[in-house]
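Asks: Quick one: the structure is below, and I'll ask about it shortly.
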Amino acid sequence: MSADLTVPQTTSAYRYIQPGAQGSSSQNPRARWMALAVLVVAVLLVAVDATVLVLALPFISESLNPSATQLLWIGDSYSFVIAGLLVSMGSLSDRIGRKRLLLIGAAAFGAASLIGAYAPSAAWLIAARALLGVAGATIMPSTLSLIRSLFPDDRERARAIGIWGAAATAGAAAGPLVGGVLLEHFWWGSVFLINIPLVAVLLVLGHRLLPESRDPKPGAWDVLSVVLSLVGIIGAVYAVKEAAVSGLARPDVWLAAVLGVGSLTAFWRRQLRLPMPLLDVRLFAHRRFTAAVLAALIALIGLSGVVFFLSQYFQLVRGYSPLQAGLADLPAFAGSTVGALAAASLAGRLGHRRALAGGLLAMGLGLGVLGWVDASTSYLLIGAAFAAIGLVEGVVYALSTTMVLDAAPASKSGAASAVSETAYELGTALGIALVGTVTTAIYRSGLVLPAGVPASSGAAAENSLGAAVQTAHTLPGEAGQALLHTARTSFVHGMNIAALLSGVLLTLAAVLVWVLLGRGRRTAVATELPASERLTAKR
């Protein structure tokens with residue numbers, strides 16, 4: 001690869017780095033692979049934390065008694081902050097050094113984990129999750145940057161990135177299992193303390209084995225763009241969530257909506273003016289690029305939100321233990337891994353248009369099946385639907401990532417990859433937020449308090465299913481059983497409607513992608529990227 005492929009405006013993870021600038025690790029094969037093992041620990045740290053909390057939510061509901069909105073923020077504040085800061089932190093690593101930012105981020109991750117484990121209230125826990133998101137955003141782009149510097153050979157780098165991606169998938173799959181085992185024996189804060197040993201290993205070995213690298217001519221780091229992107233994402237989603245739960249009458253909903261949309265608009269315009277933008281938004285002018293990004297975003301919106309609430313369904317409706325609930329979620333992650341591996345072969349047989357649109361359609365149908373689940377549905381049916389949904393999600397995400405890179409000019413592959421990663425994180429956060437608002441709204445509207453339930457107990461039960469279960473256990477005999485029944489029935493109904501709406505959304509996305517890929521033409525430079533640069537999918 002020629003040094004002419006240096007792209008000043010792109011994120012650090014994909015910039016060209018001179019092979020001789022990395023230090024001895026890039027010249028010593030054993031040192032390279034030992035350094036990769038350290039980076040795998042970093043990826044596992046972030047990936048496990050993204051999913052380990054799901055099974056702890058019922059316990060958190062009982063312990064901290066969060067409101068319905070607070071419960072959603074506990075679940076998705078981590079992903080929102082990561083999505084808002086990925087591109088910015090990748091750019092920052094150019095300036096202060098990738099190894100340095102990785103180690104700073106790892107230390108911050110450990111500190112935020114301690115705060116989360118011993119959070120005395122829901123507000124403290126939300127703050128801890130947001131800090132974990134900031135730290136996670138420094139870790140992910142730094143790992144890919146260091147892989148680029150450690151492995152100048154295309155074939156070795158392809159293997160290294162493949163191992164990196166496998167670690168991310170394995171970490172996401174292991175999160176619910178690790179959480180289930182911990183919750184069987186310890187309190188909910190243990191799902192945060194599991195990060196501490198990984199942080200310690202990463203800090204010690206990272207300091208000794210990782211080389212330092214930075215961009216010799218990075219340009220200015222535009223702080224205003226960072227603030228605009230973060231405020232825009234959080235403001236817009238806050239408005240959506242609060243409007244769904246509380247209606248449009250509240251002034252803070254309108255204020256957040258105006259602030260969010262205004263910040264995102266200002267961010268977009270600023271990127272068009274800057275000579276070295278944090279994100280090259282001109283890439284969205286290409287239909288193929290836009291179709292692929294939308295496919296990844298909507299697929300994750302549909303999957304993550306439904307899986308988030310199905311985990312509560314398994315524990316609070318079906319009575320599964322945390323470990324059983326973790327195992328029940330596993331088919332979706334296993335299917336996603338298989339789908340990602342089969343995506344290239346499927347695209348070769350059907351073409352990208354048919355494979356991507358067909359994958360979205362199949363995923364929508366699978367989510368529609370979950371719209372008919374109730375408390376007595378056989379797990380065999382649920383597990384089969386989970387596996388099928390995960391399978392096509394893996395296909396959709398892998399194909400969309402490849403298409404994002406192919407649609408962009410080679411000189412802008414870094415910006416394209418950053419958009420793909422951000423779409424993944426933002427889709428995860430939006431899925432929890434949007435599906436959560438629908439489920440919560442229907443749960444509250446359908447909850448009928450039985451006679452004899454005190455007003456204070458009824459108000460607590462309206463917050464969430466977890467609070468209702470806790471309240472039911474404090475009520476005498478028939479009143480407790482009646483509250484438990486109506487709460488579970490309302491929750492399942494809300495989850496069903498949300499799953500059906502997610503299915504419709506994905507079906508519409510399939511139509512949109514089919515139209516975009518049929519009318520648009522591929523826009524790419526004549527020079528193709530090396531194969532190793534196409535293997536940047538997170539899953």
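The values are calculated or read from the model by the stated rules, or taken from the named source; none is laboratory data. All values reported here derive from a predicted model rather than from experimental measurement. We place every Cβ from the backbone using ideal geometry, glycine too, and count neighbours over all the protein chains shown. Side chains included, ligands, DNA and RNA excluded: accessible areas come from the protein's heavy atoms. Shrake-Rupley method; radii C 1.70, N 1.55, O 1.52, S 1.80 Å.
Asks: Of 297, 330, 341, 283, which residue is open to solvent by less than 60 Å² (accessible area, probe 1.4 Å), within 23 Å of residue 177 (Cα to Cα) and in a helix (DSSP H, G or I)?
Replies: Numbers: 297 fails: within 23 Å of residue 177 (Cα to Cα); 341 fails: open to solvent by less than 60 Å² (accessible area, probe 1.4 Å); 283 fails: within 23 Å of residue 177 (Cα to Cα).
Exactly one of 297, 330, 341, 283 is open to solvent by less than 60 Å² (accessible area, probe 1.4 Å), within 23 Å of residue 177 (Cα to Cα) and in a helix (DSSP H, G or I), namely 330.
Asks: Going through region 360-401 one residue at a time, which ones are open to solvent by 10 Å² or more (accessible area, probe 1.4 Å) and not in a helix (DSSP H, G or I)?
Replies: 372, 374, 375, 376, 377, 378
Asks: Right, here's the next one. Residue 437 is checked against (1) at pLDDT 80 or above; (2) in contact with a Lys or Arg (Cβ under 6 Å, 6 or more places away or on another chain); (3) β-branched (Val, Ile, Thr) and fails just one. What number does that condition carry?
Replies: For residue 437, the failing item is (1).
Asks: Also, quick follow-up: Restricting to region 194-212, give me the number of residues that are under 21 Å from the mean Cα position of the chain (by Cα), open to solvent by 50 Å² or more (accessible area, probe 1.4 Å) and of a type outside the set (Val, Ile, Thr).
Replies: 1
Asks: If you don't mind, there's one more thing I want to ask. Pick out the one residue from 76, 94, 49 that is more than 29 Å from residue 193 (Cβ to Cβ) and either at pLDDT below 80 or crowded, with 23+ Cβ neighbours inside 10 Å (or both).
Replies: On the way: 76 fails: more than 29 Å from residue 193 (Cβ to Cβ); 49 fails: more than 29 Å from residue 193 (Cβ to Cβ).
The match here is 94.
Asks: In this structure, is residue 123 open to solvent by 10 Å² or more (accessible area, probe 1.4 Å) and either farther than 20 Å from residue 84 by Cβ or small (Gly, Ala, Ser) (or both)? Give the derivation first.
Replies: Working: open to solvent by 10 Å² or more (accessible area, probe 1.4 Å): yes; either farther than 20 Å from residue 84 by Cβ or small (Gly, Ala, Ser) (or both): yes.
In short, yes.
Asks: Among the residues of region 443-459, are any in contact (Cβ under 8 Å) with a residue 40 or more places away in the chain and touching a His at 6+ places or on another chain (Cβ under 9 Å)?
Replies: So far as region 443-459 goes, yes, one or more of its residues are in contact (Cβ under 8 Å) with a residue 40 or more places away in the chain and touching a His at 6+ places or on another chain (Cβ under 9 Å).
Asks: What is the one condition in (1) open to solvent by less than 10 Å² (accessible area, probe 1.4 Å); (2) without any contact (Cβ under 8 Å) to a residue 60 or more places away in the chain that residue 108 does not satisfy?
Replies: Result: residue 108 passes all but (1).
Asks: Quickly run through region 57-70 and pick out the residues that are among the hydrophobic types (A, V, I, L, M, F, W, C) and open to solvent by 10 Å² or more (accessible area, probe 1.4 Å).
Replies: Taking region 57-70 as the starting set, the residues that turn out to be among the hydrophobic types (A, V, I, L, M, F, W, C) are 57, 59-60, 64, 68.
Within region 57-70, 59, 64 meet the criteria.
Asks: Further, regarding this structure: Quick one: how many residues across region 213-265 are crowded, with 19+ Cβ neighbours inside 10 Å, modelled with pLDDT of 80 or more and under 30 Å from residue 97 (Cα atoms)?
Replies: Total meeting the criteria: 8.
Asks: Any residue at all in region 302-321 that's of a type outside the set (Lys, Arg), touching a Gly at 6+ places or on another chain (Cβ under 6 Å) and either open to solvent by 40 Å² or more (accessible area, probe 1.4 Å) or within 26 Å of residue 225 (Cα to Cα) (or both)?
Replies: no
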